[in-house]
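The block underneath contains the structure these notes are about, expressed in structure tokens.
The values are calculated or read from the model by the stated rules, or taken from the named source; none is laboratory data. Quantities reported herein were computed from a predicted structural model and do not represent experimental measurements. Cβ sites come from the backbone with ideal geometry, for glycine too, and all protein chains shown count toward neighbours. Ligands, DNA and RNA are excluded from the accessible area calculation, which covers all protein heavy atoms including side chains. Shrake-Rupley method; radii C 1.70, N 1.55, O 1.52, S 1.80 Å.
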Amino acid sequence: MSGQFEATVEIDRPVGEVFAYLADGRNDPQFSPRVQEITRTPDGATGVGTVFRSTVKDAGMKTAREFRITGFDPPRRIRWTEQSKNLVTAEGGYDFEALPGDRTRVRMFNTLEGHGLGKLLVGLAVGAARKDAPDFGRRIKAAVEAS
């Protein structure tokens, strides 16, 4: 079983700045309180094949996550897929649109997939993510505009 959630937000920064900020997954803790720590491999700029490894805390439990960048088209889109073997995994991305006045529209989406016992949990995870999606978008906006 799987399910998708998304959020769209308009940010008062040029598309290149927004893309660069979100392409560096090490910024995720600034807008995602569930991300406890995160690293990027290899060192250097993000691109297809870059891996971000993180420790996240969901529902009081810490898990290790590993995401590989699978699509990278500056400044239009970023795609990722989770490589870790958790009960619920994600695949998703960002779509960027330049707006007048050096503003940017960002659409963020994830498809959550349940594995094993996770097939019973994925519905709850998707529901919680959908409920948080508007706030998640607002946190991204605030973090990018403060950077």
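Taking the criterion of being in a strand (DSSP E or B), more than 15 Å from Thr89 (Cα to Cα), open to solvent by less than 20 Å² (accessible area, probe 1.4 Å) and not hydroxyl-bearing (Ser, Thr, Tyr), the residues of the range 102-135 that qualify are Val106, Met108.
On inspection, Phe52 passes the criterion of being modelled with pLDDT of 95 or more and either surrounded by fewer than 16 Cβ atoms within 10 Å (Cβ to Cβ) or in contact with a strand residue (DSSP E or B) (Cβ under 8 Å, 6 or more places away or on another chain) (or both). Looking only at the range 76-84, decide whether some residue is outside any strand (DSSP E or B), open to solvent by 30 Å² or more (accessible area, probe 1.4 Å) and over 19 Å from Gly137 (Cβ atoms). Scanning the range 76-84 turns up at least one residue that is outside any strand (DSSP E or B), open to solvent by 30 Å² or more (accessible area, probe 1.4 Å) and over 19 Å from Gly137 (Cβ atoms). Within this structure, Thr70 passes the test of being without any contact (Cβ under 8 Å) to a residue 40 or more places away in the chain, open to solvent by 70 Å² or more (accessible area, probe 1.4 Å) and within 23 Å of Val15 (Cα to Cα).
Counting only residues that are more than 19 Å from Gln83 (Cα to Cα) and either open to solvent by 80 Å² or more (accessible area, probe 1.4 Å) or in contact with a Pro (Cβ under 9 Å, 6 or more places away or on another chain) (or both), the range 15-42 holds 8 of them.
Residue check: Gly123 meets all listed conditions (1) in contact with a strand residue (DSSP E or B) (Cβ under 9 Å, 6 or more places away or on another chain); (2) at pLDDT 95 or above; (3) of a type in the set (Gly, Ala, Ser) but one, namely (2).
Among all residues of the range 87-96, there is at least one that is assigned to a loop (DSSP other than H, G, I, E, B), in contact with a Gly (Cβ under 8 Å, 6 or more places away or on another chain) and not hydroxyl-bearing (Ser, Thr, Tyr). Restricting Leu99, Leu87 to residues that are among the hydrophobic types (A, V, I, L, M, F, W, C) and open to solvent by 60 Å² or more (accessible area, probe 1.4 Å) narrows the list to Leu87.
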